[in-house]
């Protein structure tokens, strides 16, 4: 099917406010663009589907590893309270996402919201940032999935092949290829596959909780907040930006350890924002998207807190110290070595859905940018299944190359800084849109404005300060590349820019 309207006419149809780098695209025009025949996404999703996506992307391998390591090295039994603190910070941002998604039910998430509030340049920056977040996260997690696949398969088959000095992770590439086919076939089918994988990993978590309770001793939870101890101090570019600027040291356990743990486990919640990228494919986005975002966040918070309480009740937190402690470590201490295989299967299912939903989020952001002309318009094309096939293929090939051949190392932190930057802009964007467009119908409204958005913004900025100097420098380098592309291509091809010029 071809677009019946020539590109020039489409450009002239765009309404905007402002001019130059900070011209904004009206919410009404963003919604009208979703009806273009050649780039129309099929509306198949419900609030339940979005909740599944949210749980699918947040509950990954972290529930089996991060809880144990944080308890053993940073917070002790109070890791369960750290998850509550992190969930509150995440919940503040989730409220802002829910209002935006119900007001602007268009693919692109924070990119689309920024276009309506901050203008084109900031929209491009956040879109470029989201490309970093989703693509890198999908590739990194796919490599983690491949490692668990190796454990499940045993020593007989390795998902990693060696060709001289080149290492090829065929397990990660296979996963991305299969998920690419699913996403191209239909978002509803992807949701059903996610639901199956979520059921598997929730079943594994249920087994862990039920069996773990049989080893539970309340004495292991005392002291709930262990006495403070000096922590390792980061050096050079690997120390946090906050430490670099202030010369402050790090401490483990105690109240400072608890707050540090909250910053650490916050990253276990990253991904709920992907739900907002599917707003355009939802039947009743004004109601379904807020329910999907907030519902999934509530479910995963309960799961994280429950697992952390059972874990620290099974064994003393001192037995989890060290870099390699996992949930299986607690079972091994009690002689239940079978738990390792069960947990590996749960992690395998968990990571499958994380990669799928991150992959989905990346395609929808790039699709929205293509529809606006900031990347080639040919990518804004949907196939017979109502999915952006060309973008899905492009993202799949890129992620497969990254996952197959690149050793990421400390690049994983780039996902965190990209996500938090998006969170900050969305929080501020709610305040701006409330002021500039109070007339817009909102299916969900953030309570206690401006307090909630301001608290969300401050909490995210604080977490960004706790990331390493090295990560900040890499992030700035990625942004510089983005500026070069924007001024070299995107600004001249922007439909909004052509409309303003005409």
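The values are calculated or read from the model by the stated rules, or taken from the named source; none is laboratory data. As the structure is a computational prediction, the values presented were derived from the model and not from experiment. Positions of Cβ are backbone-derived with ideal geometry, glycine not excepted, and every protein chain shown enters the neighbour counts.
Please enumerate the residues belonging to the stretch 26-78 that are at pLDDT 80 or above, part of a loop (DSSP other than H, G, I, E, B) and farther than 26 Å from residue 137 by Cα.
Passing the criteria: only 26.
To keep it simple, each residue is scored yes or no on (1) part of a loop (DSSP other than H, G, I, E, B); (2) under 26 Å from residue 117 (Cβ atoms); (3) within 19 Å of the chain's Cα centre (by Cα).
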position	(1), (2), (3)
401	no, no, no
404	no, no, no
427	no, yes, yes
438	yes, yes, no
443	yes, yes, no
448	yes, yes, no
461	no, yes, yes
482	no, yes, no
491	no, yes, no
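Given the stretch 284-387, what helices (runs of 4 or more DSSP H) lie entirely inside it while holding 2 or more residues that are without any contact (Cβ under 8 Å) to a residue 12 or more places away in the chain? Let's see the steps before the verdict.
Working: elements: 285-314, 327-333, 339-371.
Helices (runs of 4 or more DSSP H) meeting the threshold: 285-314.
When the residues of the stretch 468-478 are filtered to those that are under 26 Å from residue 97 (Cα atoms) and touching a helix residue (DSSP H, G or I) at 6+ places or on another chain (Cβ under 7 Å), which remaining residue is surrounded by the most Cβ atoms within 10 Å (Cβ to Cβ)?
Step one: filter the stretch 468-478 for residues under 26 Å from residue 97 (Cα atoms), giving 471-472, 475-476, 478.
Add one more test, that the residue is touching a helix residue (DSSP H, G or I) at 6+ places or on another chain (Cβ under 7 Å), and what stays is 471-472, 475, 478.
Values: 471: 23, 472: 18, 475: 20, 478: 17.
Here the residue is 471.
On the basis of being farther than 12 Å from residue 272 by Cβ, touching a strand residue (DSSP E or B) at 6+ places or on another chain (Cβ under 8 Å) and surrounded by fewer than 21 Cβ atoms within 10 Å (Cβ to Cβ), does residue 34 make the cut? Write out each step before concluding.
Working: farther than 12 Å from residue 272 by Cβ: yes; touching a strand residue (DSSP E or B) at 6+ places or on another chain (Cβ under 8 Å): no; surrounded by fewer than 21 Cβ atoms within 10 Å (Cβ to Cβ): yes.
When the stated conditions are applied, residue 34 does not pass them.
Closer than 28 Å to residue 447 by Cα, in contact with a helix residue (DSSP H, G or I) (Cβ under 6 Å, 6 or more places away or on another chain), modelled with pLDDT under 75 and part of a helix (DSSP H, G or I) - does that describe any residue in the stretch 265-277?
yes
Is it true that some residue in the stretch 254-263 is crowded, with 21+ Cβ neighbours inside 10 Å, modelled with pLDDT under 85, touching a strand residue (DSSP E or B) at 6+ places or on another chain (Cβ under 7 Å) and farther than 28 Å from residue 363 by Cβ?
Yes, the stretch 254-263 contains at least one residue that is crowded, with 21+ Cβ neighbours inside 10 Å, modelled with pLDDT under 85, touching a strand residue (DSSP E or B) at 6+ places or on another chain (Cβ under 7 Å) and farther than 28 Å from residue 363 by Cβ.
Is it the case that the stretch 145-157 has a residue that's touching a helix residue (DSSP H, G or I) at 6+ places or on another chain (Cβ under 7 Å), at pLDDT 90 or above, surrounded by 23 or more Cβ atoms within 10 Å (Cβ to Cβ) and more than 24 Å from residue 390 (Cβ to Cβ)?
No, there is no match, as no residue in the stretch 145-157 is touching a helix residue (DSSP H, G or I) at 6+ places or on another chain (Cβ under 7 Å), at pLDDT 90 or above, surrounded by 23 or more Cβ atoms within 10 Å (Cβ to Cβ) and more than 24 Å from residue 390 (Cβ to Cβ).
Taking the conditions exactly as written (assigned to a helix (DSSP H, G or I), touching a residue at least 24 places away in the same chain (Cβ under 8 Å), touching a helix residue (DSSP H, G or I) at 6+ places or on another chain (Cβ under 7 Å) and crowded, with 21+ Cβ neighbours inside 10 Å), does residue 87 satisfy them or not?
On the way: assigned to a helix (DSSP H, G or I): yes; touching a residue at least 24 places away in the same chain (Cβ under 8 Å): yes; touching a helix residue (DSSP H, G or I) at 6+ places or on another chain (Cβ under 7 Å): yes; crowded, with 21+ Cβ neighbours inside 10 Å: yes.
Against the criterion (assigned to a helix (DSSP H, G or I), touching a residue at least 24 places away in the same chain (Cβ under 8 Å), touching a helix residue (DSSP H, G or I) at 6+ places or on another chain (Cβ under 7 Å) and crowded, with 21+ Cβ neighbours inside 10 Å), residue 87 qualifies.
Please indicate, with yes or no, whether at least one residue in the stretch 242-252 is in a helix (DSSP H, G or I), modelled with pLDDT of 80 or more and buried (at least 16 other Cβ atoms within 10 Å of the Cβ).
Checked the stretch 242-252: no residue is in a helix (DSSP H, G or I), modelled with pLDDT of 80 or more and buried (at least 16 other Cβ atoms within 10 Å of the Cβ).
One line per residue, one yes/no per condition, for (1) crowded, with 18+ Cβ neighbours inside 10 Å; (2) more than 20 Å from the chain's Cα centre (by Cα); (3) at pLDDT below 90:
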{"site": "351", "(1), (2), (3)": "yes, no, yes"}
{"site": "364", "(1), (2), (3)": "yes, no, yes"}
{"site": "395", "(1), (2), (3)": "yes, no, no"}
{"site": "411", "(1), (2), (3)": "no, no, yes"}
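Against the conditions (1) out of contact with any helix residue (DSSP H, G or I) (no Cβ under 7 Å at 6 or more places or on another chain); (2) surrounded by 14 or more Cβ atoms within 10 Å (Cβ to Cβ); (3) on the phi < 0 side of the Ramachandran plot, where does residue 186 fall short? Just the number, please.
(3)
Can you name the residue in the stretch 450-459 that is touching a residue at least 40 places away in the same chain (Cβ under 8 Å) and within 18 Å of residue 114 (Cα to Cα) and, of all such residues, is surrounded by the most Cβ atoms within 10 Å (Cβ to Cβ)?
Restricting to residues being touching a residue at least 40 places away in the same chain (Cβ under 8 Å) and within 18 Å of residue 114 (Cα to Cα), the top hit is 456.
Can you tell me which residue in the stretch 221-233 is modelled with the lowest pLDDT, limited to those that are touching a strand residue (DSSP E or B) at 6+ places or on another chain (Cβ under 9 Å) and exposed (fewer than 15 other Cβ atoms within 10 Å of the Cβ)? Talk me through it step by step, then tell me what you get.
Step one: of the stretch 221-233, the residues touching a strand residue (DSSP E or B) at 6+ places or on another chain (Cβ under 9 Å) are 226, 228-232.
Within this subset, residues satisfying the condition of being exposed (fewer than 15 other Cβ atoms within 10 Å of the Cβ) are 228-230, 232.
Numbers: 228: 77, 229: 75, 230: 67, 232: 57.
If we take residues in the stretch 221-233 being touching a strand residue (DSSP E or B) at 6+ places or on another chain (Cβ under 9 Å) and exposed (fewer than 15 other Cβ atoms within 10 Å of the Cβ), then 232 is modelled with the lowest pLDDT.
Just give me the residues in the stretch 117-132 being farther than 16 Å from residue 485 by Cα and either outside any helix (DSSP H, G or I) or at pLDDT below 85 (or both), in sequence order.
We begin by selecting, within the stretch 117-132, every residue farther than 16 Å from residue 485 by Cα; these are 117-119.
118, 119 - these are the residues of the stretch 117-132 that are farther than 16 Å from residue 485 by Cα and either outside any helix (DSSP H, G or I) or at pLDDT below 85 (or both).
Yes/no matrix, rows are residues, columns are (1) under 30 Å from residue 24 (Cα atoms); (2) surrounded by 23 or more Cβ atoms within 10 Å (Cβ to Cβ); (3) touching a strand residue (DSSP E or B) at 6+ places or on another chain (Cβ under 6 Å):
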| position | (1), (2), (3) |
| --- | --- |
| 130 | yes, yes, no |
| 137 | yes, yes, no |
| 160 | no, no, yes |
| 177 | no, no, no |
| 182 | no, no, no |
| 206 | no, no, no |
| 213 | no, no, no |
| 219 | no, no, no |
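Of 465, 433, which residue is surrounded by fewer than 18 Cβ atoms within 10 Å (Cβ to Cβ) and in contact (Cβ under 8 Å) with a residue 40 or more places away in the chain? Outline the logic, then answer.
Working: 433 fails: surrounded by fewer than 18 Cβ atoms within 10 Å (Cβ to Cβ).
None of the other options fit; the residue is 465.
Out of everything in the stretch 145-169 that is over 15 Å from residue 345 (Cβ atoms) and in a loop (DSSP other than H, G, I, E, B), what residue ends up being nearest to the chain's Cα centre (by Cα)?
Looking at the filtered set, the residue picked out is 159.
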